[in-house]
Amino acid sequence: MTAVTSPLRRLGWTLTDGLTLVGRELGRLRQEPGQIVAALVFPVIMVVLFGYVFGSAIQVPDGGDYREYLMPGLFTMVTFIAWSGVMTRMAGDAARGVMDRFRSMPMARLAVPFGQTGADLLIGLLMLAVMVGAGLLVGWQPHRGLIPTAQAFVLIVVLRYALSWVGVYVGLAVRNDQVADALVPLGLPFTMLSNAFVPTGGMPGWLRFLADWNPVSALTAALRDLFGNPGAPSGAVAWPLAHPVTAVLLWSAALLVIFVPLSFRAYLRGGR
């Protein structure tokens, strides 16, 4: 009986301590309202900037409204910047010795990474809600009904959670908030080299290959298909674009399998 209950108790302690750390992260944001405002304003700025500034110059494949073509790409962009926020918070806590104090406390060892990723997931849901509202205001809407729309949002949440573990590991590895801040812009080319904002058909062959196999393109294609927005792939395309939902799930599973153990190891070893 003890052998059965002991793992269950450890799991309960881990969840309890993890939820405590989720509350810590959310409380820290309440003390810094500027971060909350910036996080909520950013999606709105992206919708207005790309939708109205770039929209007048870009033609959507097979016609259609550019803002409807754009919104799945913006959902994806916000999803893929999740790792950077977690990375900077983890690196800042490591640099200030907070992680060392956590390791010395009588708490579940797995709680700290779980708390960070859980807090980021809640923040991401709030940002997603704001972006959905902004999209609806500029004319975007899903067209395929409730179930495909729900599936699209589940894909966003799953991949964002997987990416947050990348941020946990990198933050623990660099252990320096200034280095972490310098790494944030490196994610921009990765996001732009995709079908999120422009069709990939006009790219050179080698560049189109990279864009088509980019997980950003897979999530964007999946969202366009599930929302019924223009730009869904058709004809002879790369495998991730022909099976975008499967590709997103495989990318998410691969990231979790790789970075969850790496994150735990980095945390237990103090990032060394």
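At-a-glance table
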| quantity | calculated |
| --- | --- |
| Accessible surface of the chain [probe 1.4 Å, protein heavy atoms]: carbon and sulfur percent | 69 |
| FRET efficiency, 1/(1 + (r/R0)^6) with R0 25 Å, evaluated for VAL37 and HIS143 via beta carbons | 0.20 |
| Whether the range 145-253 is rounded, prolate or oblate, judged on the alpha carbon gyration tensor where a/c under 1.5 counts as rounded | oblate |
| Around ASP100: net Lys/Arg minus Asp/Glu count, Cβ-Cβ under 11 Å | +3 |
| Potential extension, GLN178-LEU19 segment - 0.36 nm per residue separation minus Cα distance | 54.5 nm |
| Residue-level accessible surface for ARG269, protein heavy atoms, 1.4 Å, Å² | 140 |
| For the range 154-238: accessible area per residue (Å², 1.4 Å) | 41 |
| Relative contact order [Cα under 8 Å, 6+ residues apart], the chain, whole percent | 27 |
| Highest-MSF residue in the chain out of ALA211, ALA108, ALA182 [GNM, Cα springs under 10 Å] | ALA182 |
| The chain: most fluctuating residue of LEU193, LEU128, LEU146 per GNM, C-alpha cutoff 10 Å | LEU146 |
| Per residue accessible area in Å² of the range 41-111, where ligands, DNA and RNA are left out and the probe is 1.4 Å | 42 |
| Point-to-point label distance, LEU136-MET192, nm (Cα→Cβ direction, 7 Å offset) | 3.2 |
| Helical contribution to [θ] at 222 nm, DSSP H n ≥ 4, -39,500 (n - 2.57), averaged over the chain, rounded to 500 | -24500 deg cm²/dmol |
| Taking N as its residue count, the alpha carbon Rg of the range 76-217 over 2.2 N^0.38 Å | 1.23 |
| The chain: C-alpha gyration tensor shape, a/c 1.5 cut-off, then a/b vs b/c | prolate |
| Rounded if a/c under 1.5, otherwise prolate or oblate - the range 152-214, Cα gyration tensor axes | oblate |
| Probe 1.4 Å - accessible area at ILE258, Å² to nearest ten | 90 |
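The values are calculated or read from the model by the stated rules, or taken from the named source; none is laboratory data. Note that the structure is predicted; figures quoted are calculated from it, not measured. A quick note on method: Cβ atoms are made from the backbone with ideal geometry, for glycine too, and the neighbour counts reach across all protein chains shown. Areas reflect the complete protein model, heavy atoms only, side chains present, ligands, DNA and RNA absent. Shrake-Rupley method; radii C 1.70, N 1.55, O 1.52, S 1.80 Å.
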